[in-house]
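Visitor: Pasting in a structure now, in structure tokens, and then I'll have a few things to ask.
The values are calculated or read from the model by the stated rules, or taken from the named source; none is laboratory data. Treat the numbers as computed from the prediction; the structure is a model and nothing was measured. In this analysis, Cβ positions are derived from the backbone assuming ideal geometry, glycine residues included, and neighbour counts consider all displayed protein chains. Quick note on the areas: whole protein, heavy atoms, side chains included, nothing else; ligands and nucleic acids left out. Shrake-Rupley method; radii C 1.70, N 1.55, O 1.52, S 1.80 Å.
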Amino acid sequence: MRGEYAMSISHLLITTLILTVAIAVRYLLVVVAVYWLVWGRKDGRVMGRRLNRDRPRAATIRHELKLSLLSSWIYALPAAVVWEAWRGGGTLIYLDVARYGVPWLFVSGALYLLLQDTYYYWLHRLMHQRMVFRYVHAGHHRSRQPTPFASFSFDWAEAALSAWLLPALTFVIPIHPGVIVLLLTVMTIAAVLNHAGAELLPDWLVQGPIGAGLISATHHSVHHTHYGANFGLYFRFWDRVMGTDMMLEREPSVVAEV
């Protein structure tokens, strides 16, 4: 019975190990697929509109891969806490859709995305403060021309600061497991595509009304060369409000040289 369940350290460690493997495998499957989709052609051409000046170097990929795999367990730990707490009835994760209704599925998903985006914008700006950057965020920015492998490559401190928010929200905002899976999918796809080194979205979308509000690879690649701009995660709202939004009117190959 869930009500009689008591979390133990052994349960938590086992669940953390399982989730660490799951997160790492998901990361590898997605990033390897996108990497070969973009950079795998033998003739040197890339799919989409190229943003990086140079083809990915093996040393860059090794660095991104190392940090990403080390980050996996840091993200797994708070997720494991939520899983074990849910088993004991200690979260607001629910299975019966009728309990809150279908509209709440969409509302809760939007709330989680907006809160995560807001939190990350301000955390990201903090991590770029001179006295914080080298200890928290420098590892990610070793990739001035990022590859898909950079989508999860964080120093341990950045991973710890980022990993707790969504799990914590499950204790205060009701959410269905289906919405959680959808959010994790959106997070993964957005992170990988935005670090692909090429813009896979069509120009009409990136340059149009939708692109004016959403982060894209074109938008985020500027952040890797202009550290004082483009701090958002999903949306450009906070960048626009705070005057940190930048889209360069140059050819992508020149952007990577700045």
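Visitor: With a 1.4 Å probe and every protein chain left in place, work out the accessible area per residue of the stretch 5-124 in Å², rounded to a whole number. All intermediate terms of the calculation are to be shown ahead of the outcome.
Guide: Details: 6740 Å² over 120 residues.
Accessible area per residue: 56 Å².
Visitor: Shifting gears a bit: Take the alpha carbon gyration tensor of the stretch 195-253, find the square roots of its eigenvalues, order them as a ≥ b ≥ c, and report rounded if a/c is under 1.5; if not, report prolate when a/b exceeds b/c, else oblate.
Guide: Numbers: a/c = 1.66, a/b = 1.16, b/c = 1.43.
Taking the square roots of the gyration eigenvalues as a ≥ b ≥ c, the stretch 195-253 is oblate.
Visitor: Want the number for Arg99 to Arg41: 0.36 nm per residue separation, take away the alpha-carbon distance, what's left? Walk me through the numbers on the way to the answer.
Guide: Details: separation 58, 0.36 × 58 = 20.88 nm, distance 5.00 nm.
Full extension of this stretch gives 15.9 nm more.
Visitor: Between Ala59 and Leu126, 0.36 nm times their residue separation minus their Cα-Cα distance comes to what?
Guide: 21.3 nm
Visitor: Using the Karplus equation 6.51 cos²θ - 1.76 cosθ + 1.60 (θ = phi - 60°), what ³J(HN,Hα) coupling, rounded to whole Hz, does each residue of the stretch 128-133 give in order, writing x for Gly and Pro?
Guide: So the J values, rounded to whole Hz, are 8, 5, 3, 7, 9, 3.
Visitor: Quick one: which residues, 5+ away or cross-chain, put their amide H under 5 Å from the amide H of Ile175? H built at 1.01 Å from N.
Guide: Ile93, Tyr94
Visitor: Work out Dmax and Rg for the stretch 115-258 from the C-alpha atoms and quote the Rg first, both in angstrom.
Guide: Every Cα atom of the stretch 115-258 included, Rg and Dmax give 15.2, 46 Å.
Visitor: What residues qualify as long-range amide H neighbours of Glu199, i.e. H under 5 Å apart, gap of 5 or more or another chain, H built at 1.01 Å from N?
Guide: Arg49, Arg50, Leu51
Visitor: Compute the distance in nm between two label points, each set 7 Å from the Cα along the Cα-to-Cβ direction, one at Leu111 and one at Asp203.
Guide: Using points 7 Å along Cα→Cβ, the separation is 4.2 nm.
Visitor: Semi-axes of the equivalent ellipsoid for the stretch 63-135, please: Cα gyration tensor eigenvalues, times 5, square-rooted, ordered largest first, whole Å. Walk me through the numbers before you get to the answer.
Guide: On the way: eigenvalues 195, 71, 23 Å².
Over the Cα atoms of the stretch 63-135, the semi-axes work out to 31, 19, 11 Å.
Visitor: Can I ask one more? Which percent of the accessible heavy-atom area of the chain goes to carbon and sulfur, probe 1.4 angstrom? Please report the intermediate quantities before stating the final value.
Guide: Details: 9360 of 13460 Å².
The computed percentage sits at 70.
Visitor: For the chain, what does -39500 (n - 2.57) per DSSP helix run (n ≥ 4), summed and divided by total residues, give at 222 nm, in deg cm²/dmol to the nearest 500? Walk me through the numbers before you get to the answer.
Guide: Numbers: 12 runs with 150 residues, N = 258.
Counting only the DSSP helices, I get -18000 deg cm²/dmol.
Visitor: Moving on. Check which residues have an amide H placed less than 5 Å from Phe235's amide H, if you skip close sequence neighbours.
Guide: Amide H to amide H, under 5 Å and 5 or more residues apart or across chains, Phe235 pairs with Ile215.
Visitor: With all protein chains present and a 1.4 Å probe, how do Asp117, Asp203, Asp245 order by accessible area, largest first?
Guide: Asp203, Asp245, Asp117
Visitor: Taking 0.36 nm per residue of sequence separation and subtracting the Cα-Cα distance, how much length would be gained by fully extending the chain between Ile9 and Arg87, in nm to one decimal? Numbers along the way, then the final one.
Guide: Values: separation 78, 0.36 × 78 = 28.08 nm, distance 1.42 nm.
Going from the current span to full extension adds 26.7 nm.
Visitor: Another question, if that's okay. Rule-of-thumb check for the stretch 1-94: C-alpha Rg over 2.2 N^0.38 Å?
Guide: Numbers: Rg = 19.2 Å, N = 94, 2.2 N^0.38 = 12.4 Å.
For the stretch 1-94, the normalised Cα radius of gyration is 1.55.
Visitor: Sort 170-179, 127-136 by the packing proxy (mean of other Cβ within 10 Å over each peptide's residues), most packed first.
Guide: Packing order, densest peptide first, comes out as 170-179, 127-136.
Visitor: With just the Cα atoms of the stretch 149-192, tell me how far they stretch along each of the three principal axes, in Å, largest first.
Guide: Largest to smallest, the principal-axis extents are 31, 22, 10 Å.
Visitor: Taking 1 over the mean of 1/r across every pair of different Cα atoms in the chain, what Kirkwood radius in Å do you get? If you can, show how the numbers build up before the last one.
Guide: Working: mean 1/r = 0.0516 Å⁻¹.
After inverting the pairwise mean of 1/r, the radius is 19.4 Å.
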